[in-house]
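Notes to accompany the following structure.
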Amino acid sequence: MYPRYVFAVVLSLAVLLFALPAAADDDERVSATGQGVVEVAPDIARLTFGITARKPAVPAARDEVAQGVARLIQLAREFGIADEDIATAELSVSQDFSWDPETRERRLEGAVVSRQVVIRLTDLEKLGELAERALELGVTEASTPVFDTSQREALENEALAAAARHARARAEVMAGALGVRAGAPVHIDGGVSGPGPRPLARMAMAEADMAGGAETYQPGLIRITATVTASFEIKSK
């Protein structure tokens, strides 16, 4: 009886294999990679300002930082920026030491208190003036503005669509050169490879530092790049 069971299992496997659809042959495909690029002027800027105070005691340093943060928030409101577009980080407190070369020991001088304020600006024409006014208020640190677009998702989709069309066009060129044509897509893979929100360009930063005026803040363009790789059936003409 045992051989019969073995024969039945083998026969069942053979029937199952014949019933499965044949896998697509990669040799009957044409593959190509396409790119899509979209450039747009930014409409969002994120500015990060820091206020730091060094005092013999924590309370005095904390009060000075609190006053600076309050002035900065008031300035943002004067520029028409809503409170939801103003964010303050947690207070940072650390000890302030100096180095005594004679005793070769650290000496406690007091406390260092700092806090950051992040402002989201949607009217970029006000960028230069806001940054200059903030510095006049006694801000001790100012990070490079970071630019973005409120239409990022739609623009990324536009770049992906352009990349897919580019991949199709390349596949058709290769297929046509060999006397065939590209049919329906059988595999598509892609993504957005461009940078996210970007800081002010180095050249623009240098010009702003030299000129020191509000009119020197030029955000330039944001470039969004997508890449799509697709495989198509090969069809006869």
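Taken over the stretch 30-53, the criterion of being farther than 27 Å from residue 122 by Cβ and assigned by TED's automatic domain parsing to the domain that holds residue 121 is satisfied by 52, 53.
When each of 172, 129, 136 is tested for being modelled with pLDDT of 95 or more and either over 26 Å from residue 222 (Cα atoms) or not aromatic (Phe, Trp, Tyr) (or both), the lone residue that passes is 172.
Residue 114 passes every criterion in (1) among the small types (Gly, Ala, Ser); (2) in a loop (DSSP other than H, G, I, E, B); (3) surrounded by 17 or more Cβ atoms within 10 Å (Cβ to Cβ) apart from (2). For the stretch 44-66, filtering for residues that are in contact with a Ser or Thr (Cβ under 7 Å, 6 or more places away or on another chain) and not hydroxyl-bearing (Ser, Thr, Tyr) leaves 4.
Tally the residues that are in a helix (DSSP H, G or I) and not β-branched (Val, Ile, Thr), restricting the search to the stretch 56-101.
Going through the stretch 56-101 one residue at a time, the tally reaches 20.
What are the residues in the stretch 117-137 that are part of a loop (DSSP other than H, G, I, E, B) and touching a helix residue (DSSP H, G or I) at 6+ places or on another chain (Cβ under 6 Å), if any?
Hit for the stretch 117-137 is 137, nothing else.
Any residue that is β-branched (Val, Ile, Thr) and in a strand (DSSP E or B) - is there at least one of those in the stretch 145-155? Yes, the conditions are met somewhere in the stretch 145-155.
The values are calculated or read from the model by the stated rules, or taken from the named source; none is laboratory data. Since the structure is predicted, the reported quantities are computational estimates derived from the model, not experimental observations. In this analysis, Cβ positions are derived from the backbone assuming ideal geometry, glycine residues included, and neighbour counts consider all displayed protein chains.
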